[in-house]
Amino acid sequence: MTDRHRPASDSSGRRKSLTGHALRSDVGYVARQCEDVAVDSGHRITMPVAGPTVRLATRAMACEFQVMLNPGADSTLETWRASDALDLVHSLEDQMTVYREHSDLLDMNRLAVEGPVTVETRLFGLIQQVLEIADRTESAYDPTSMPLVRLWRRCRDELRTPTDDEIAAVLELVGTGLVVLNAADDSIRFERPGVELNLNGIGKGYALDREAELLLGEDNNEWLLHGGRSSVLARGDHNGLGGWPVGIGNPLFRETRLATLILKDQAMGTSGSGTQFFRVEGRRFGHILDPRTGWPVSDMLSVTVVAPDAALADALATAFFVLGVEKATECLHTWDGVGAILIPRPERGRHLRPVVIGVPDEQIFWDVEQAEPGRPEQA
């Protein structure tokens, strides 16, 4: 089987998965360290243990996408369905990327200032969704913020921070009010030159949601999808756990698992900058920007959001990271079926203090040597 979206030399990895090399007890980060035993209030709690899986993977959107299946009588048929789902990710990347010479989104960005541009119906629906999320999060998530990212990248390369005038000028190009939608013909128009849309903060989650549409069926609805490990979507049960065990990493030590979360018929998105930062004149700046001020966020280490779909989980993880614990807590209560684990930057010499909102205690297994989790009223 050849992957039409990649060079022929890159298709061998997919063929290996389909010929049996993936039939093994290897679920990547999902199984990592899941046999540990935690101590909570003097009691030993056995961590969830992941079992054998069938795993398929492909490289897209600058990360690895994987489909994980429970092995069984229908596993051969399911691998072909999973392969089709992974093929779809490449098509969606071709549509949404702004890092290739031509894509639907990039062409729209070039032309929308000249007049309305009609886009594919599903892409229009996604853009509607991101603008709604921006409005409901007080623009803490904003798909028009790419000019700010570009400014900070340039200043980072020049070993300086932007001037107030530079930030003010770029902020004139940021804001959902500069994007005009027409649902009658699925068209989009920009109000001024320099405005652009970027779906990086939601694209991986959206791809997982679209994959799930292909995988859902009457015969088998037990699988886990992930894109780059920060975007996850789970359906059904694995190894009798009542869901799929998914690791949450320590934002200060990325190879260390802070907790295991059991996901069932849910999605999870994580946003963080604990290990992605740069320094200028002794000051530390993370890579996640507040699109309202134009400056990097400094108070948070990471945010993990559990939501009904992966696109929403991805976008809200970014929004809550920008909002901080207090404002994120207020915002979260306006979304049905959404929970969050917020990890603010700790005081020197103290454990991480995750703040858990809307995620049941029985769904999370903490490494209590690394974290002292609490609820909002305890934080």
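The values are calculated or read from the model by the stated rules, or taken from the named source; none is laboratory data. Bear in mind that the values here come from a model prediction, so they are computed numbers and not experimental data. Here the Cβ is made from the backbone with ideal geometry for all residues, glycine too, and neighbour counts use every protein chain on show. The area values use the complete protein model at the heavy-atom level, side chains included, leaving out ligands, DNA and RNA. Shrake-Rupley method; radii C 1.70, N 1.55, O 1.52, S 1.80 Å.
Answer with yes or no whether Ala134 is part of a helix (DSSP H, G or I) and not acidic (Asp, Glu).
Yes.
On the given criteria, is Thr97 within 17 Å of Ala207 (Cα to Cα) and of a type in the set (Ser, Thr, Tyr)?
yes
Only residues that are open to solvent by 50 Å² or more (accessible area, probe 1.4 Å) and within 16 Å of the chain's Cα centre (by Cα): list them for the range 265-312, please.
Narrowing the range 265-312 to residues open to solvent by 50 Å² or more (accessible area, probe 1.4 Å): 265, 270, 275-277, 279, 281-284, 287, 292-293, 295, 298-299, 308.
If the condition is that a residue be open to solvent by 50 Å² or more (accessible area, probe 1.4 Å) and within 16 Å of the chain's Cα centre (by Cα), then Thr270, Gln276, His287, Pro308 are the ones that fit.
Take Ala134 and tell me if it is surrounded by fewer than 16 Cβ atoms within 10 Å (Cβ to Cβ) and out of contact with any Leu (no Cβ under 8 Å at 6 or more places or on another chain).
no
Here are the criteria: (1) under 18 Å from Leu316 (Cβ atoms); (2) open to solvent by 20 Å² or more (accessible area, probe 1.4 Å). Tell me which single one Leu208 does not satisfy.
(2)
Can you say whether Ala315 is open to solvent by less than 10 Å² (accessible area, probe 1.4 Å), under 30 Å from Asn221 (Cα atoms) and not in a strand (DSSP E or B), as far as the supplied structure shows? Write out each step before concluding.
Values: open to solvent by less than 10 Å² (accessible area, probe 1.4 Å): yes; under 30 Å from Asn221 (Cα atoms): yes; not in a strand (DSSP E or B): yes.
Considered against the rule, which asks whether it is open to solvent by less than 10 Å² (accessible area, probe 1.4 Å), under 30 Å from Asn221 (Cα atoms) and not in a strand (DSSP E or B), Ala315 comes out as yes.
Please give the number of the condition Leu216 fails out of (1) open to solvent by 50 Å² or more (accessible area, probe 1.4 Å); (2) over 29 Å from Thr334 (Cα atoms).
(2)
Given the residues Arg192, Arg156, which is the only one that is touching a strand residue (DSSP E or B) at 6+ places or on another chain (Cβ under 6 Å), of a type outside the set (A, V, I, L, M) and open to solvent by 30 Å² or more (accessible area, probe 1.4 Å)?
Answer to the selection: Arg156.
Output the strands (runs of 3 or more DSSP E) that fall wholly within the range 327-375 and possess 2 or more residues being free of Cβ contacts under 8 Å to residues at least 60 places away in the same chain and either crowded, with 20+ Cβ neighbours inside 10 Å or small (Gly, Ala, Ser) (or both), or say none.
339-344, 355-357
Collect the residues in the range 142-153 that are assigned to a loop (DSSP other than H, G, I, E, B), open to solvent by less than 10 Å² (accessible area, probe 1.4 Å) and of a type outside the set (S, T, N, Q), keeping them in residue-number order.
Result: Pro143, single match.
What number goes with the only condition from (1) open to solvent by less than 20 Å² (accessible area, probe 1.4 Å); (2) over 24 Å from Ala307 (Cβ atoms); (3) in a helix (DSSP H, G or I) that Leu123 does not pass?
(2)
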